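The values are calculated or read from the model by the stated rules, or taken from the named source; none is laboratory data. This one's a predicted model, so the numbers in the text were calculated from it and none came from an experiment. Here Cβ is always computed from backbone atoms with ideal geometry, including for glycine, and neighbour counts include all displayed protein chains.
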């Protein structure tokens, strides 16, 4: 039977196009971002290759083994797969693991109790908002990592992922920034819910089927 896999060349093309236009996009944002470098592109592509391998194995990121792989994805986004770079950031990565375990607990509880039963775009958007709002799931690289987690989830339920594009980048980065500065409690919690609804509509409108290909599953 056919299984959806990531179209890595098409994803790389989109990321490099975004990189080429990043300075003009950055000028339009509500909150400017750090430079989108070639190293970031390379790390993201290593991350997508990692996710593609997980897809082939049928790994659920919200399973016990999947959570380890979710953390590893964040490490790849930040450091790539180079053992030398990993050693340089060893202490940081150790602390990131401890933080992830604690911060993932309420998100995982929500997903397993009710989130997984939601309509997929809503589940993806609410997960993204919970992981990205304060306190964020990871120390660094949250936007990039959570976009990839969402894409993996969507691809595995047969929906097109969102890979950042020139035309949609400002809307995506702005709503992500609003989520980042919302919280789980009080008025911030209400804002997070509002922004999650906006992000759900965004995912439904801008997901791209060219970023998936069908491959034969011979298992």
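Based on what the data block shows, is residue 65 free of Cβ contacts under 8 Å to residues at least 60 places away in the same chain, under 21 Å from residue 157 (Cβ atoms), loosely packed, with under 14 Cβ neighbours inside 10 Å and out of contact with any helix residue (DSSP H, G or I) (no Cβ under 7 Å at 6 or more places or on another chain)? When the stated conditions are applied, residue 65 passes them. Residue 13 satisfies every condition listed in (1) closer than 26 Å to residue 117 by Cα; (2) free of Cβ contacts under 8 Å to residues at least 24 places away in the same chain; (3) over 16 Å from the mean Cα position of the chain (by Cα) except (1).
Counting only helices (runs of 4 or more DSSP H) that fall entirely inside region 1-102 and contain at least 1 residues that are modelled with pLDDT of 95 or more, the qualifying elements are 8-26, 38-57, 64-79. In summary, residue 100 fulfils each of the numbered conditions (1) more than 30 Å from residue 215 (Cα to Cα); (2) over 16 Å from the mean Cα position of the chain (by Cα) with the single exception of condition (2).
Which residues, taken from region 185-197, are surrounded by fewer than 17 Cβ atoms within 10 Å (Cβ to Cβ) and either touching a helix residue (DSSP H, G or I) at 6+ places or on another chain (Cβ under 7 Å) or at positive phi (or both)? Hit for region 185-197 is 186, nothing else. Please indicate, with yes or no, whether at least one residue in region 202-219 is crowded, with 19+ Cβ neighbours inside 10 Å, modelled with pLDDT under 95 and more than 26 Å from residue 68 (Cα to Cα). Looking for residues that are crowded, with 19+ Cβ neighbours inside 10 Å, modelled with pLDDT under 95 and more than 26 Å from residue 68 (Cα to Cα), one finds at least one in region 202-219, hence yes.
Here residue 167 fulfils each of the conditions (1) exposed (fewer than 15 other Cβ atoms within 10 Å of the Cβ); (2) within 21 Å of residue 44 (Cα to Cα); (3) touching a residue at least 60 places away in the same chain (Cβ under 8 Å) apart from (3). When region 112-154 is filtered for residues that are out of contact with any helix residue (DSSP H, G or I) (no Cβ under 7 Å at 6 or more places or on another chain), surrounded by fewer than 23 Cβ atoms within 10 Å (Cβ to Cβ) and closer than 19 Å to residue 44 by Cα, only 147 remains.
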